[in-house]
Amino acid sequence: MSSMTGVKEETTGVLFLDSRATAVIDFNKLEKGSDLWLFAQATDFGKDMAGLVVLLTPGSEQRVWYEKDAVNNQLVIYGEKQGEVSYRLTAPRFDHEKWPNEVVGDNIDSASLKIK
(Lines give C-alpha, C1' and ligand atoms only; values in the text may rest on other atoms or scores of the structure.)
Protein backbone atom coordinates (compact mmCIF):
# COMPACT_ATOMS: atom_id res chain seq x y z
CA MET A 1 0.00 0.00 0.00
CA SER A 2 1.38 3.39 -0.92
CA SER A 3 1.80 6.02 1.73
CA MET A 4 1.71 9.80 2.00
CA THR A 5 1.54 12.25 4.86
CA GLY A 6 -1.84 13.14 6.26
CA VAL A 7 -5.15 11.50 5.47
CA LYS A 8 -5.37 11.90 1.71
CA GLU A 9 -6.65 10.16 -1.37
CA GLU A 10 -5.20 10.29 -4.85
CA THR A 11 -6.01 9.21 -8.37
CA THR A 12 -4.13 9.16 -11.64
CA GLY A 13 -5.18 9.04 -15.24
CA VAL A 14 -4.73 10.23 -18.78
CA LEU A 15 -6.83 12.77 -20.64
CA PHE A 16 -6.67 14.31 -24.09
CA LEU A 17 -6.60 18.01 -24.90
CA ASP A 18 -9.15 18.79 -27.61
CA SER A 19 -8.72 20.95 -30.72
CA ARG A 20 -8.76 24.03 -28.45
CA ALA A 21 -5.95 22.41 -26.39
CA THR A 22 -8.32 22.17 -23.42
CA ALA A 23 -9.83 19.41 -21.27
CA VAL A 24 -12.36 19.82 -18.46
CA ILE A 25 -12.87 17.51 -15.50
CA ASP A 26 -16.36 18.39 -14.31
CA PHE A 27 -16.70 16.85 -10.85
CA ASN A 28 -20.50 17.25 -11.08
CA LYS A 29 -20.79 15.16 -14.25
CA LEU A 30 -18.47 12.21 -13.75
CA GLU A 31 -19.43 8.69 -14.77
CA LYS A 32 -20.71 6.95 -11.64
CA GLY A 33 -18.26 4.26 -10.57
CA SER A 34 -15.29 5.74 -12.46
CA ASP A 35 -12.00 6.39 -10.68
CA LEU A 36 -12.52 10.16 -10.86
CA TRP A 37 -16.07 9.83 -9.51
CA LEU A 38 -14.84 7.71 -6.60
CA PHE A 39 -12.03 10.21 -5.91
CA ALA A 40 -14.54 13.08 -5.86
CA GLN A 41 -16.82 11.16 -3.47
CA ALA A 42 -13.97 10.24 -1.10
CA THR A 43 -12.32 13.67 -0.81
CA ASP A 44 -12.83 17.16 0.57
CA PHE A 45 -11.31 19.79 -1.75
CA GLY A 46 -11.93 22.51 0.83
CA LYS A 47 -12.82 26.15 0.27
CA ASP A 48 -12.12 27.26 -3.31
CA MET A 49 -10.63 23.80 -3.99
CA ALA A 50 -7.53 24.81 -2.00
CA GLY A 51 -6.96 21.22 -0.83
CA LEU A 52 -6.84 19.79 -4.37
CA VAL A 53 -3.26 19.22 -5.56
CA VAL A 54 -2.78 18.80 -9.30
CA LEU A 55 0.28 17.39 -11.05
CA LEU A 56 0.29 17.35 -14.87
CA THR A 57 2.71 15.78 -17.34
CA PRO A 58 2.30 16.34 -21.09
CA GLY A 59 2.76 13.41 -23.44
CA SER A 60 4.47 15.64 -25.98
CA GLU A 61 6.79 18.60 -25.88
CA GLN A 62 4.49 21.39 -24.71
CA ARG A 63 3.53 23.38 -21.66
CA VAL A 64 0.40 22.39 -19.74
CA TRP A 65 -1.30 24.17 -16.88
CA TYR A 66 -4.61 24.12 -15.03
CA GLU A 67 -7.24 26.33 -13.46
CA LYS A 68 -9.47 25.38 -10.53
CA ASP A 69 -13.04 26.56 -11.10
CA ALA A 70 -14.52 26.16 -7.63
CA VAL A 71 -17.81 27.87 -8.59
CA ASN A 72 -18.54 25.18 -11.20
CA ASN A 73 -16.64 22.38 -9.41
CA GLN A 74 -14.36 21.88 -12.40
CA LEU A 75 -10.69 21.44 -13.14
CA VAL A 76 -9.74 22.94 -16.50
CA ILE A 77 -6.50 21.75 -18.12
CA TYR A 78 -4.83 23.82 -20.85
CA GLY A 79 -1.96 23.17 -23.19
CA GLU A 80 -0.28 24.67 -26.20
CA LYS A 81 -1.70 22.05 -28.60
CA GLN A 82 -3.80 18.90 -28.76
CA GLY A 83 -2.36 15.86 -27.06
CA GLU A 84 -2.20 13.48 -24.15
CA VAL A 85 -1.76 14.69 -20.58
CA SER A 86 -1.23 12.47 -17.54
CA TYR A 87 -2.58 13.74 -14.24
CA ARG A 88 -2.19 12.96 -10.58
CA LEU A 89 -4.77 14.45 -8.21
CA THR A 90 -4.44 14.43 -4.43
CA ALA A 91 -6.85 15.82 -1.83
CA PRO A 92 -7.71 15.35 1.85
CA ARG A 93 -10.04 12.45 2.53
CA PHE A 94 -13.63 13.45 3.37
CA ASP A 95 -13.07 12.65 7.08
CA HIS A 96 -9.52 14.03 7.36
CA GLU A 97 -10.42 16.32 10.28
CA LYS A 98 -11.13 13.26 12.48
CA TRP A 99 -7.59 11.93 12.00
CA PRO A 100 -4.85 14.33 13.18
CA ASN A 101 -1.26 13.74 12.09
CA GLU A 102 -0.06 13.56 15.69
CA VAL A 103 -0.44 10.34 17.70
CA VAL A 104 -1.49 11.09 21.28
CA GLY A 105 -0.62 9.00 24.31
CA ASP A 106 1.48 5.87 24.58
CA ASN A 107 0.66 4.50 21.13
CA ILE A 108 3.99 5.38 19.52
CA ASP A 109 7.57 4.38 20.12
CA SER A 110 9.52 7.49 19.10
CA ALA A 111 12.82 5.59 18.96
CA SER A 112 11.67 3.34 16.13
CA LEU A 113 8.82 5.57 14.86
CA LYS A 114 6.56 2.57 14.70
CA ILE A 115 3.02 2.61 16.00
CA LYS A 116 2.54 0.04 18.75
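On a per residue basis, the chain carries 71 Å² of accessible surface, using protein heavy atoms and a 1.4 Å probe.
Within the accessible area of the chain, the carbon and sulfur atoms contribute 49%, probe 1.4 Å, all protein chains present.
The values are calculated or read from the model by the stated rules, or taken from the named source; none is laboratory data. What you are looking at is a predicted structure, and each value in this text was computed from that prediction instead of being measured. All accessible areas refer to the heavy atoms of the entire protein, side chains included, with ligands and DNA or RNA removed. Shrake-Rupley method; radii C 1.70, N 1.55, O 1.52, S 1.80 Å.
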